[in-house]
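The values are calculated or read from the model by the stated rules, or taken from the named source; none is laboratory data. Predicted model, so just to flag it, every value in this text is computed and none were measured. Every residue, glycine among them, receives a Cβ derived from its backbone with ideal geometry; neighbour counts consider all protein chains shown. When the accessible area is computed, the model is the full protein with side chains, heavy atoms only, and any ligands, DNA or RNA have been set aside. Shrake-Rupley method; radii C 1.70, N 1.55, O 1.52, S 1.80 Å.
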Amino acid sequence: METVSGKIALVTGGGRGIGRSLALAFAARGNPVVVTGRTQSRLDQVAAEVDRLGGKALPLRCDVTRRPEVEALKNVIESKLGTVQILINNAGMAPAAAFLEMEDCLWEEVFKVNLTGTYYCCKVFLPAMIASGWGRVINIASTVAKVAYSHISAYVASKHAVLGLTRALAVEMGRTGVTVNAICPGYVETELTLNNAKMMAEKTGRSLEQILGLFKRTSPQNRLIDPKEVAELALMLASESASGITGQAINVDGGAVMV
Ligand code: NAD
């Protein structure tokens, strides 16, 4: 992979889980990384880890569901670092609920974070990327952008929409030097997965180990995905040699979903 070190990467929801791994991976590659999310202390921790690796990170608070905060974020980054050329829309939530019991506010919140947050970041950061003639938008979707599972209808619908936005933007950005792709992880070993497993264990009376075993068995490899594996694919998509890959949705799921 030809390196793209030096270009500024922005990771939303970067304080933990996949976002943290993305931030560490890009920083290790030599990219200044802006780590954003809602909890400053977590962002500071990730920035300190980057620091220890000898990389450069700017931890900045931003709720992606609030457009003025996203715009303010862009202004601060431009004054302190420069133009973001690698945008990784990672912030997300995946609460479980039976469709008929789901509150409207849960549906709205999931769409606000997973879809509208991605939309705001694309709207705000794409113009400068296009002006620079080079850019990478990487949306962390999910295998549920392609298939459905029970009791997570808002999550499934929002991630299908993220994939639709990815494809539509890839077409529209075709001649700009900006590629737009989605990564579709299966079950990844993060707090999100652990919290969902705990909730399922409580509801069904099974043990946490049994639920995690169920998650693992959805993959032919019978394991959870390491967040670092998602970050490795993001590095590949951000590389120079991936300039012909756009509008794609690539699974990192141990073969759980083959579409
Ligand atoms: P996580 O819950 O550990 O991390 C999600 C991060 O997004 C958190 O830091 C959270 O605070 C942040 N976030 C939520 N709402 C936000 C908002 N309004 N503004 C800014 N940040 C916000 O989860 P994760 O497993 O690391 O998931 C990261 C992404 O990967 C999500 O988009 C998720 O849907 C996707 N994903 C996860 C899995 C999995 O199994 N864990 C599988 C497929 C896809």
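Among the residues of the range 84-102, those identified as of a type outside the set (S, T, N, Q) and within 12 Å of the ligand (Cβ to nearest atom) are 88, 91, 92, 93, 94, 95.
Here is a yes/no grid of residues against (1) touching a residue at least 12 places away in the same chain (Cβ under 8 Å); (2) closer than 26 Å to residue 109 by Cα:
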residue: 145; (1), (2): yes, yes
residue: 150; (1), (2): no, yes
residue: 182; (1), (2): yes, yes
residue: 187; (1), (2): yes, yes
residue: 217; (1), (2): no, no
residue: 224; (1), (2): yes, no
residue: 242; (1), (2): yes, no
residue: 258; (1), (2): no, no
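Among residues of the range 63-78 that are within 11 Å of residue 112 (Cα to Cα), those with a Cβ under 6 angstrom from a residue that is near the ligand (Cβ under 8 Å from one of its atoms) and open to solvent by 50 Å² or more (accessible area, probe 1.4 Å), sequence gap 6+ or separate chain, pair up as 63/38; 65/112. Cβ-Cβ distances below 6 Å connect the following pairs, each with a first residue in the range 154-168 that is under 24 Å from residue 97 (Cα atoms) and open to solvent by less than 30 Å² (accessible area, probe 1.4 Å), a second residue that is among the hydroxyl-bearing types (Ser, Thr, Tyr) and within 11 Å of the ligand (Cβ to nearest atom), and a separation of six or more residues or different chains: 159/142; 162/118.
Only residues that are touching a strand residue (DSSP E or B) at 6+ places or on another chain (Cβ under 9 Å), part of a loop (DSSP other than H, G, I, E, B) and within 16 Å of the ligand (Cβ to nearest atom) were counted across the range 24-83, and they come to 5. Filtered by the rule that a residue be open to solvent by less than 40 Å² (accessible area, probe 1.4 Å), closer than 18 Å to residue 167 by Cβ and hydrophobic (A, V, I, L, M, F, W, C), the range 130-153 gives 137, 138, 140, 141, 144, 145. Listed by first and then second residue, the pairs with beta-carbon distance under 6 Å, at least 6 apart or on different chains, first residue in the range 16-45 and small (Gly, Ala, Ser), second more than 13 Å from the ligand (Cβ to nearest atom) and open to solvent by less than 10 Å² (accessible area, probe 1.4 Å), are 23/33; 27/33; 27/50. Applying the set (1) touching a residue at least 40 places away in the same chain (Cβ under 8 Å); (2) in a loop (DSSP other than H, G, I, E, B) to residue 251 leaves exactly one unmet item: (2). Specify the residue that is least open to solvent (accessible area, probe 1.4 Å); the eligible residues are those in the range 7-20 that are near the ligand (Cβ under 8 Å from one of its atoms) and not in a loop (DSSP other than H, G, I, E, B). The selected residue is 19.
Over 23 Å from residue 235 (Cβ atoms), hydrophobic (A, V, I, L, M, F, W, C) and either at pLDDT 95 or above or over 16 Å from the mean Cα position of the chain (by Cα) (or both): does that describe residue 98? Yes. Inside the range 172-231, can you point out the residues that are open to solvent by 80 Å² or more (accessible area, probe 1.4 Å) and over 22 Å from the mean Cα position of the chain (by Cα)? Result: 175, 198, 202, 203, 206, 209, 210, 217, 220, 221, 222.
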